[in-house]
Amino acid sequence: MLFLGVLLNIFFRGSFQASTSLSLPVTDCLDAEQGCMSEPGCEASYRVLEYCAAEEAVSPLGPEARHECLEAQGTVQQYRPLLACKCQRGSRREELCLRVYWTVRFSQGYDEYEMSPYEDLELELVRNIEMSRMASIVAASSLPLDGQNQCLKAAQDCGLYEKCGSLRSEYVLACTKRAPGSDHCNRQKCHRALRRFLERVPEEYSFGVLFCPCTNTLCGERRRKTIVPSCSYQERDGKPNCLSLHGYCMRDELCRSRLADFQHNCQPSSLSPSGCQRESGAVCLKAYAGLIGTIMTPNYVSNSSTEVSQWCDCEGSGNEWQDCLRILHMFNSNSCLRNAISAMGSSSPRPVESTPPPPPRPSPRIQHDDISVNVLPEINTVEESEEKEEQEIEAEEQFNVIPPYSEKATESNVDSGARGGLRGAADPATPSSTAYLFYIKM
């Protein structure tokens, strides 16, 4: 029976990969699930497969149970829309959709990521991302760029665009506010707010903040602290083992999906000029940004380089040392990702044939009546002196200082899980001069 189960596993895995390589129309996984529920044979087998996936998440299945699960999977895979279904990044139904996606792929190994669970990015969106650096410069102020702290400037540009400034303020509050009865932040809320920022803010602003080019450590420190490392991924007890971190990610459908998307879109190739198998560094950057706000949140390893990695190491890996290094090398030895980040900081954007610049965004609104106070000097206009800013950062170098933001974020914004349009200004009962002091001890 055990031998038969192994054979079935190999057969269904191979047939599944061959089937998905065919040109099938892409369907939302939740819609495909509803279609399966309308067919009695498919519904019964799918319910069995749901049970199998839930049990496997707790503990490995026995030989007989796995055999029954593989038989059910074979029946479900006869319903073709479930084979080709995909999910949409950042949608309200994303996590429900991903549950269906991985249920159908019950027997798929954790390291087999030949496909991404997400819909392919449209060509126009990819082109817009590749032109994001140009668009950011066009939309920014008329100040000369030479010698300026580009990460400071990217933060200022974000603050001038209402949606970017508001959502950035929201995640800063979520990632710096202490959880009740604790001296640390609520990481789950921090992750949720970070994902909301990256999913809703146009790439010409969010990418400008994440991948701004730096020529000195002061700029590099601002870039590294953009996602509030002390809350979003760092552990007070030191770095966890990469295998343990990866194992936790595999048990979380969102993290597993974002990691699969990253591996699929950032797969390096020595034969490609861009270093990417898919020939698009922009798609790789989009997939990399998708990991921020998950268990596998990556970041820059220092203030003086563009090298990125996970917050983990391979101490105590024993016989699994090579597997652990493979996880690290997905980031710190990935030529596709490295070239994509470097391209964002090049002196001129990569040319895109027959592609006009993206349409201009809504005119930024400067909030003259709201005053943001921070341990740094106020930056209410882009004409503020960078030199004064740098002096204040050096004076407060023992703190993880967060730049000032528009006073849009409130505790109700952070605690709410609503995914509708942006809320308005803070509650009228709150004085406009109320200020937040955002800092975390390093």
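Structure above, values below:
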quantity: Linear extension gain, Leu271 paired with Glu56, 0.36 nm per residue minus alpha-carbon span; calculated: 73.5 nm
quantity: Förster radius 22 Å - calculated FRET efficiency between Glu119 and Ser333, Cβ distance, rounded to 0.05; calculated: 0.15
quantity: Under-5 Å amide H pairs with Cys276, H placed in peptide plane, nonlocal only; calculated: Ser269
quantity: Cα-only radius of gyration and Dmax that characterise segment 225-324, units Å; calculated: 14.4, 42
quantity: Nearest-0.05 FRET efficiency for Thr75 and Asn216, computed from C-beta distance (R0 60 Å); calculated: 0.50
quantity: Projected-area mean, segment 23-71, by convex hull of Cα positions, square nanometres; calculated: 4.4
quantity: Amide hydrogen neighbours beyond the local backbone of Asn299, cut-off 5 Å, H modeled; calculated: Ser309
quantity: Debye log10 I(q)/I(0) at q = 0.25 Å⁻¹ for segment 39-121, Cα point scatterers; calculated: -1.32
quantity: Segment Asp237-Leu325, length gained on full extension (0.36 nm per residue, minus Cα span); calculated: 29.6 nm
quantity: FRET E, pair Arg200, Glu39, Förster distance 41 Å, beta-carbon r, rounded to 0.05; calculated: 0.65
quantity: Separation of the Ala65 and Arg92 label points, Cα + 7 Å toward Cβ, nm; calculated: 3.6
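Bear in mind that the values in this text are calculations on the coordinates, not laboratory data. Quick caveat: nothing in here was measured; it's all calculated off a predicted structure. Don't worry about glycine lacking a Cβ; one is built from the backbone with ideal geometry, like all the others, and counts go over all protein chains shown.
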